[in-house]
1. Specify the inter-centroid distance of the range 107-121 and the range 126-188, based on alpha-carbon positions, in whole Å.
2. For labels at E4 and R65 in the simple 7 Å Cα→Cβ model, what's the distance in nm?
3. Looking at the chain, what % of the alpha carbon pairs are farther apart than 29 Å?
4. About the Cα centre of the chain, how large is the charge dipole given +1 on each Lys and Arg Cβ and -1 on each Asp and Glu Cβ? Please answer in debye to the nearest 20.
5. Taking the Cα centre of the chain as the origin and placing charges on Cβ (Lys, Arg +1; Asp, Glu -1), which of V368, L168, S314 is farthest toward the positive end of the dipole?
6. Could you work out how far apart the two model spin labels at E141 and K167 are, taking each label as a point 7 Å from the Cα in the direction of the beta carbon, and quote it in nm?
7. Quick one: pull the percent of accessible area on the chain belonging to carbon and sulfur, 1.4 Å probe, ligands and nucleic acids left out.
8. Tell me, what is the FRET efficiency for S81 and V243 to the nearest 0.05, using R0 = 22 angstrom and their Cβ-Cβ distance as r?
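The values are calculated or read from the model by the stated rules, or taken from the named source; none is laboratory data. Quick caveat, the model's predicted, so the values are computed rather than measured. For neighbour counting, all protein chains shown are included, and Cβ atoms are generated from backbone atoms with ideal geometry for every residue, glycine included. Please note that ligands, DNA and RNA were not included when accessible areas were found on the heavy atoms of the full protein model with its side chains. Shrake-Rupley method; radii C 1.70, N 1.55, O 1.52, S 1.80 Å.
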Amino acid sequence: MGHEYDVIVVGGGPIGCYTAAQIAKHGHSVLVVEEHAEIGRPIQCGGCITPRVFDLPEADFRATRGVVINKLRGANAISPSGDLLSFKAPDTRAYVVNRSPFDKAFARLAIKHGAEILLNTRAIAAQVADGGVAVSLQTREEAPFERRAKLLVGADGVQSQVAWWFKLSHPEKLVPSIELHCAGLRLDAESVELFAGQELAPGFFAWIIPYDDNSGLVGLGIDPKKGVALDYLNRLLKAPWFVERYGRAQDLEYVLSAIPFGLLKRTYGDHVMIVGDAAAQVKQTTGGGLYMGLACAVHCARAAVEALEAGVFSAANLKTYQEGWMREVGKELKHAQVLHRMMAAMNDKQMDLAIKILNDPAFKDLIVRHGDLDFPSKLAKVALRKSPKLLRLAGPAIKGLF
């Protein structure tokens, strides 16, 4: 049978649509399959990104109506005992974006370059067949139907079915995360709030991403073995110290997600690649994956275009995708893994001590000069070299950083 498309992309989020756009602009036929009725809904991410995202090819949507909600240039980090570490940079270090129009901007880019998007459609099975890939699709009202392509890209999130169907690598674990969009808060509109502690968010941390000085996203992630994320969030919102500092949050909307942890060894196979959360291309330090996923999408699209031009879709040929994204961000993802393990192993007293050390004016200057949400190991290396006390707190696991 003839191939109906050159490429089918499963998942219509920004990373799936960006991959589709970068392939379609070379004249190849691309179908994007999205299970939900609307691009960008439901919201599954807080939307805190660095300016570097907008520096990617064709991805500068800062002027697109409704995309940018707020600009951030500082942080307030509160230790388990209540000590405050506060700093501000002279320039914008992060943007808070409205994920619905942000995601739709990537979908429009894909369509502009000739890709098709099918909404309300799930991929329910896929297999290599007749020198290509046969993908079974189903809408909510219709019987299953089939579409064929030369290549399949899985941008289908943390529980990627594409990865399972083609026996690719899977994340080591999924960290449950929950955020609440709420109002009625007292916030510094230019600073993200960060909290850590074994009672507060064991195995990860909690945060407030401000939309303005009155509203934002209060969220956290936890070690999945430690309980239910919603229970921890409710305790945080009701804690007397939280209410005293920020006020009583008025619920507006919950955002549920999971963060994939683990550096995957195989994100490609015969006629298939996975990208974004499906490939666990996420920093374990912050849980952020938009920049990493979009950067990896460029490599995914490049490998797809090269395979289409050569007419060779074997795993051996698509290996260039894995090599490309590992070369660009793999080292940082490994370092983030080391830093996460270091932080997760700290008890509350050690976290308190770390905040006290970093509160030194010289250290705060280092944070402002070297801090980078996408590449946090840059700051970590400088800080650990400067302070023997921090190095001792980090423990033996930190050797993997140097």
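1. Using only Cα atoms, the two centres lie 16 Å from each other.
2. Output for this residue pair reads 3.5 nm.
3. The share of Cα pairs beyond 29 Å in the chain comes to 44 percent.
4. 1340 debye
5. V368
6. Simple spin-label model gives 4.0 nm for this pair.
7. Values: 8930 of 17380 Å².
That share works out to 51 percent.
8. So, using R0 = 22 Å, E works out to roughly 0.75.
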